[in-house]
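Have a look at the structure below before the remarks.
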Amino acid sequence: MIKLPKKLRDLRYKIFYSLLLRDGCERIVLGDQSIGLQWTICPTGLKAQSVVYSGGVGTDISFEHELVRRFGCNIVLLDPSPTGVKTMARPENSIPQLKFSPLALCASTGKLKMAPPVPGGDSWSAQRNDNATLEVASTDLSTLMRQNGHSHIDLLKIDIEGCEYEVIDDILRRRIPVRQICADFDYDRIAGASRGKAIRAMLKLAARGYKLISYEAANHTFVLGPRP
């Protein structure tokens, strides 16, 4: 296979995003960029009764704190990594609106193997190779929703270090009603992930009526709209 020069690859991705990106809804940016990642979301319809799930804690949940502050949302958070567990143990993160479980969100309930952060990093990643040194409990989205008594999700954030692809496939296969998805697509540094895999995941979402309303580096936000 002939590999395109970087400039041509970048142009190809620029054209892809220009075709996929959609306007037509309000957008706000939440999260403290000085300490972590920001996410762009559509706030329309979000309120205290909204069902919000957040997969991936890492070192920062300023995004989730802003959801609580602005809309009064109750949020189910998941992260089995030592980094995430340590973050959720901070006193400022012990508030009634945040319900934390040290579970990995993926496409099945059981066990998941994770690899430690790369030098200088803090994110544990899902791995199915010899680099994995930690085994954690995992859950799929349908099981988690059933346990929490939810029939739909208004906002789902998945910053889950390699499991985002299988979770998206699971949502589409089971037709789980999720109105808005914030997804961090990991590729290149995660075994088995690539930019092409991220593109295919986006096209699958688009085929089911999800509109890409924002992207910044690896962070993408999709809102479910009328089927094309």
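The values are calculated or read from the model by the stated rules, or taken from the named source; none is laboratory data. For clarity, every value in this text was computed on a predicted model and none was experimentally measured. Methodologically, a virtual Cβ is constructed for each residue, glycine included, from the backbone with ideal geometry; neighbour enumeration extends over all protein chains shown.
Hey, can you tell me all the residues within region 47-78 that are assigned to a helix (DSSP H, G or I) and either under 19 Å from Leu144 (Cβ atoms) or in contact (Cβ under 8 Å) with a residue 60 or more places away in the chain (or both)? Don't jump to the end; show me each part of the working.
Pass one, region 47-78, residues assigned to a helix (DSSP H, G or I): 62-71.
Within region 47-78, Phe63, Glu64, Leu67 qualify.
Counting the residues of region 185-197 that are at pLDDT 80 or above and crowded, with 21+ Cβ neighbours inside 10 Å gives 1.
Return the residues of region 127-149 that are crowded, with 18+ Cβ neighbours inside 10 Å and within 27 Å of Leu67 (Cα to Cα); say none if nothing qualifies. Ser138, Thr139, Asp140, Leu141, Leu144, Met145, listed by residue number. Evaluation of Ser81 against the conditions (1) of a type in the set (S, T, N, Q); (2) free of Cβ contacts under 8 Å to residues at least 60 places away in the same chain; (3) in contact with a helix residue (DSSP H, G or I) (Cβ under 8 Å, 6 or more places away or on another chain); (4) surrounded by 15 or more Cβ atoms within 10 Å (Cβ to Cβ) shows that the sole unmet condition is (3). Scanning region 118-140 for residues that are modelled with pLDDT of 80 or more, out of contact with any Ser or Thr (no Cβ under 6 Å at 6 or more places or on another chain) and among the polar types (S, T, N, Q) yields Ser123, Ser125, Thr133, Ser138.
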